[in-house]
């Protein structure tokens, strides 16, 4: 019989009576010692126990040392959700290296930027995924990479998961070489002892400049993950089903690492397929389905058509964007979870910092993004036992605002990033002089401590959970010979949350169709960055500041009106 959230939290707190800073690999070792035969990664083909993943990560760590990877060096991961990803993630932590997950949706040039900017010395990559051949991308970036000639920053080694061409070093080669070296030396790779060292650099588009690498430490990740398990009241052995890529803080921190604290298991999906995901939840007895609004909507559609057995489903965790107002009732009626929660956070805060309570009143789901997460022993003393604190300021003056008044949200706490890798200017601009991080989000905080998002101060928007930087799209459109000027704004979309709308001023006499310009973007941008709409405008229709900079807030309102999009529940016309 399922215990109450309060009882489940008490059980987790008894398991961890005090906070001991650890590395990711050290936490795995502790949990594996007590739960060696429990499942950790469940797939349709095979279940991997805690012992399996621990031993696999030890062998891969020895291989990394054999390959010359040392503590503090950066290892890039271009991999979809898989047991291999999990084992490699802990292997990197075990040698004290830094993981640099790369979004596998990026195009070759975008991947090359991350590899070079992050100073990655090694790349662990898939050979193929969906219709992409990543080795062909490498051929484009570094034609002589198979001969060890890269010209991509500090990159010097590549290992391929299931290579599809001869002469390429595989993950099995890495594991076998590591085992041989360990046998020769009589030593295994040991977990790096510093829990406050950087463990991850997660890239986010941000709002200005190129993508930025958010630096996180082992301790930040573990504190945030523990607080997630505590707030969402994980039961012992919870099984978490998700399709969010583990290159995201959501799939990584909220799902994989949080589950470790209760000796639970993950059921990761390499790609999202609504019917397959529902079937996996039934087959593998998932206790939690975790996702973003875009995917939740598709799960609801599929469940209405096929039905769904919710016997084992404790909780639906739906977070990562703006939700249509009816979604919570739809989740209750169609998926029948015992509990529903939502949250708010960002990569710069490691993952979520606020969350609704599973036992909380339903209206909190409708009106807020949760209160500060329960942190328990993971809470920092200097933050009064919580992970972080928020305040709102007037965006124009920077003055603090009283509770209940809308302003820009600022955050400070033990789980806030140290900054962006090798971008001192952007790091300095992101923080106030007294250490508060600008979130770029507009919101309010009520007297009970609940936070409610009300829009974005910054110009970026989220499409299907992915942050999109409009300037990247504008730069692509403006190289088209028919485009004189392009300004991109986010507009509501019932499925994706937000999508791009390109407002373009055409060269005199040019007549490309919206379809032509969208196709032009498709060959140059990742899919989630490609605008859904293109509106042709006269130059004077684009509102600008006195210095000539486009004013995107009023422009977005014009675009919504032209497209007849008043709210996220409305499907707009294809233009």
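What residue, of 465, 419, 413, is in the same structural domain as residue 511 (by TED's automatic domain parsing) and in contact with a helix residue (DSSP H, G or I) (Cβ under 8 Å, 6 or more places away or on another chain)? Before you say what the answer is, go through the steps one by one.
Numbers: 419 fails: in the same structural domain as residue 511 (by TED's automatic domain parsing); 413 fails: in the same structural domain as residue 511 (by TED's automatic domain parsing).
Every option except 465 fails the conditions.
Test residue 53 against the criterion of being in contact (Cβ under 8 Å) with a residue 12 or more places away in the chain, buried (at least 20 other Cβ atoms within 10 Å of the Cβ), part of a loop (DSSP other than H, G, I, E, B) and in contact with a helix residue (DSSP H, G or I) (Cβ under 9 Å, 6 or more places away or on another chain), and give yes or no. Before you say what the answer is, go through the steps one by one.
Numbers: in contact (Cβ under 8 Å) with a residue 12 or more places away in the chain: yes; buried (at least 20 other Cβ atoms within 10 Å of the Cβ): yes; part of a loop (DSSP other than H, G, I, E, B): no; in contact with a helix residue (DSSP H, G or I) (Cβ under 9 Å, 6 or more places away or on another chain): yes.
Answer is no for this residue.
Examine the range 52-71 for a residue that is in contact with a strand residue (DSSP E or B) (Cβ under 7 Å, 6 or more places away or on another chain) and farther than 25 Å from residue 197 by Cβ, and state whether such a residue exists. The answer is no; no qualifying residue exists. Note on the range 320-429: enclosed strands (runs of 3 or more DSSP E) holding 2 or more residues that are surrounded by 21 or more Cβ atoms within 10 Å (Cβ to Cβ) are 343-345, 352-355, 388-393, 407-413.
Taking the criterion of being farther than 21 Å from residue 285 by Cα and without any contact (Cβ under 8 Å) to a residue 12 or more places away in the chain, the residues of the range 1-47 that qualify are 7, 10, 14, 20, 30, 33.
For the range 435-458, filtered to residues that are in a loop (DSSP other than H, G, I, E, B) and more than 22 Å from residue 365 (Cα to Cα), the residue that is nearest to the chain's Cα centre (by Cα) is 458.
Output yes when any residue across the range 478-498 is on the phi > 0 side of the Ramachandran plot and in the same structural domain as residue 540 (by TED's automatic domain parsing), and no when none is. Outline the logic, then answer.
Pass one, the range 478-498, residues on the phi > 0 side of the Ramachandran plot: 497.
Among the residues that remain, those that are also in the same structural domain as residue 540 (by TED's automatic domain parsing) are: 497.
Within the range 478-498 (the criterion being on the phi > 0 side of the Ramachandran plot and in the same structural domain as residue 540 (by TED's automatic domain parsing)), the answer is yes, since at least one residue qualifies.
The values are calculated or read from the model by the stated rules, or taken from the named source; none is laboratory data. What you are looking at is a predicted structure, and each value in this text was computed from that prediction instead of being measured. In this analysis, Cβ positions are derived from the backbone assuming ideal geometry, glycine residues included, and neighbour counts consider all displayed protein chains.
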